[in-house]
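Q: Structure in structure tokens, see below.
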Amino acid sequence: MSKSASSKSNQKAKSGEVKVGENRKARHEYEILDTFEAGMVLRGTEVKVLRQGQISLAEAYARFKGEELFLINSNIPQYSHGNLENHEPKRWRKLLLKKKELEKLREQANVKGLTLVPLRVYFAAKGYAKCLIGVGRGRKTHDKRQVLKEKDLKREMRLG
């Protein structure tokens, strides 16, 4: 067994989920107020690429179209062994939530200044692809600096 395969199996055994991709800048750019776990509607080649750990959430966001929620601008590259049935890398992907969660998210998304940001994509314990959606308020430059200073102070207190 290769090193990467064994580390993935260990990661799955510990937490019950396998992380595929993360939007690292999201928690820096936004103050996350609430999070929701949503299922994803994917095509076969998209699942194969996600299992390889390839996705970019850097410029992605979520938006309502009618009654449905979609993940927009996330980049899942085409499958290398795919044929004519390969997927579009930046297509809109439907997110699956319960009706009450969708209503709550819609209310929060309609508030001025709040944005729906994908934080993480992972495979849950049962093997389904999930997306963690955060409701965030954009931070100003001085807020970002303040948060970084607080993190540095906490780190110094732990180490010293």
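Q: Once you place label points 7 Å from the Cα toward the Cβ at Lys126 and Glu59, how far apart are they in nm?
A: Each label point lies 7 Å from its Cα, and together they span 3.5 nm.
Q: If you don't mind, another one. Any idea how far the Cα center of region 16-49 sits from the one of region 57-130, in Å?
A: 8 Å
Q: Can you pick out the pairs among Lys48/Lys104; Lys25/Lys90; Lys94/Lys149; Lys100/Lys154; Lys94/Lys144; Lys90/Lys130 whose Cα atoms lie more than 27 Å from each other?
A: Pairs exceeding 27 Å: Lys48/Lys104; Lys94/Lys149; Lys100/Lys154; Lys94/Lys144.
Q: Another question about this same structure. From the backbone phi of region 32-40, what are the Karplus-calculated ³J(HN,Hα) couplings (6.51 cos²θ - 1.76 cosθ + 1.60, θ = phi - 60°) in whole Hz, Gly and Pro given as x?
A: 7, 9, 8, 10, 9, 9, 10, x, 10
Q: Whole number please: convex hull volume per residue of the Cα set in the chain, in Å³?
A: Residue-normalised Cα hull volume stands at 150 Å³.
Q: Just to verify a number: FRET efficiency for Leu33 and Arg145, C-beta to C-beta distance, R0 = 30 Å, to 0.05?
A: That pair, Leu33 with Arg145, gives E of 0.90.
No value in this document is a laboratory result; all are computed from the given coordinates. Since the model is a prediction, treat every value here as computed from it, not as a measurement. All Cβ positions, even for glycine, are placed from backbone atoms using ideal geometry, and neighbour counts span all protein chains on display.
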